[in-house]
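Quick one: structure below, then a few questions.
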Amino acid sequence: MHRAQLLNYLMLCEVRAGKLVNLRPETIEQEFVNVALTRAQRQSFGLDSDNYSPSSSSDHAWMQGMIAALRDWGTGLDQGLYLALSDFLYGGLDQSHSIATVTSGNKDYGQQNIRTNLTGDVIMISTLNQHLEEFQRHCQLFLNHLDRNRLHWLNIGLHKVTFETLHKAA
């Protein structure tokens, strides 16, 4: 956790190296942390939104807000920062989270806390650079077992950012 936080600070402040020091153990632990990519490199990414279909004007505003932040911050940051931004853009935790019912056939198996947009569609944010097809299959399976019809997936890879909408299988 602390290492990821330091990396975020280094990248956002455009500093190439930092030192993490843990004073709690009996002996002091220290680690040097380096940033591999410059801010300019992290801000240079391709954008694919061909398979994204916003449910409302708030979804379009969400996409534009996420893109604006990525153009400023760059890719490669901790996923938690992008999730927090998404929550903020949809009006905070009360507006961006809800409970979905998990089903299979006609049987309910429980409930799952999910991120949603203002119309109740599922929001999924990942930071993958590989295995995207596999993750997409898992998202589709997840959606097919929820009481929701659409899933908006944002993947923030180092060199490509993709917005995609998945629909529940008929």
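Of the residues that sit in the stretch 18-41 and are out of contact with any helix residue (DSSP H, G or I) (no Cβ under 9 Å at 6 or more places or on another chain) and either charged (D, E, K, R) or surrounded by 14 or more Cβ atoms within 10 Å (Cβ to Cβ) (or both), which one is farthest from ALA4 (Cα to Cα)?
Per the stated criteria, the residue is GLU26.
If you don't mind, another one. Any idea how many residues of the stretch 108-144 are farther than 23 Å from GLY76 by Cβ and surrounded by 17 or more Cβ atoms within 10 Å (Cβ to Cβ)?
7
Which residues, counting only those in the stretch 74-107, are within 30 Å of LEU6 (Cβ to Cβ), touching a residue at least 40 places away in the same chain (Cβ under 8 Å) and surrounded by fewer than 14 Cβ atoms within 10 Å (Cβ to Cβ)?
GLN79 - this is the single residue of the stretch 74-107 that is within 30 Å of LEU6 (Cβ to Cβ), touching a residue at least 40 places away in the same chain (Cβ under 8 Å) and surrounded by fewer than 14 Cβ atoms within 10 Å (Cβ to Cβ).
Coordinate-derived values only; no laboratory data. These figures come from a predicted structure and were not determined experimentally. Here Cβ is always computed from backbone atoms with ideal geometry, including for glycine, and neighbour counts include all displayed protein chains.
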